[in-house]
Amino acid sequence: MPTDPPSSPALRASDADRDRVIELLRAATADGRLDQVEFDERLDAALAARTIDTLTPLTADLIPVSGGGALTLPFAGTPAEPAAELLTIKEKHGIVRRDGRWTLPHRLALRTAWCDVVLDLTSTVRAAPELVIELRVSGGNVELVLAPGMVVDANELSVRHGALAISRDAGDNTPETLHVRLVGRMRHGRIDTRWQAPRR
């Protein structure tokens, strides 16, 4: 009697996968696509999920899913995507770069150690007038690439054994379009702002 070929193992879900699905569910509840009962049911399922195959149905009617089994999560950025409440970037001893057209979350948590980080906000899709960047950075450099009209507030950022080279704005009197608030802490690192030249 022939036996079925062994199936490939299900792809395991990470904490980041579960967190992103939960943020999508929260966004869908906020804009009326899910009611509170549906949200509670899907939240419980997301927290208990161990594989991507278990997570996928929870957002299948909210966002597209790629053919490879990986969730299409709100990081590539299109205007139709709901903005995530929280997006967390974690890296150690590496290079992190976000640029191009991507959807800004309401809060971006940067958890890096001895990394070079570039966050280019010049072509982003903005869901709110303020972006909070929560830093927990040890070592390395963080560079923010900003467009005229973006204003930086670093009054709530604690820096020890490091350097800041931050300008509040581009200095060209462009009306404010995005308030970037830096909070948290940086140790043994440097943070810079670089302004994109205005288009002529």
(Q) Tell me which of His179, Ala163, Trp114 sits at the most positive position along the dipole axis of region 103-200, charges placed on C-beta atoms (Lys, Arg +1; Asp, Glu -1). (A) Trp114
Q | Full-extension gain in nm, Val183 to Thr56, via 0.36 nm per residue minus C-alpha separation | A | 42.4 nm
Q. When ranked by the protection proxy of mean other Cβ atoms within 10 Å per residue, highest first, what sequence do the peptides 151-161, 185-195 form?
A. 185-195, 151-161
Q. Under the Karplus relation 6.51 cos²θ - 1.76 cosθ + 1.60, θ = phi - 60°, what is the ordered set of whole-Hz ³J(HN,Hα) values for region 173-178, x standing for Gly and Pro?
A. 6, 5, x, 5, 10, 8
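Every number here is computed from the coordinates shown, using simple stated rules; none is lab data. Keep in mind that this is a model prediction, so the values were computed, not measured. A quick note on method: Cβ atoms are made from the backbone with ideal geometry, for glycine too, and the neighbour counts reach across all protein chains shown.
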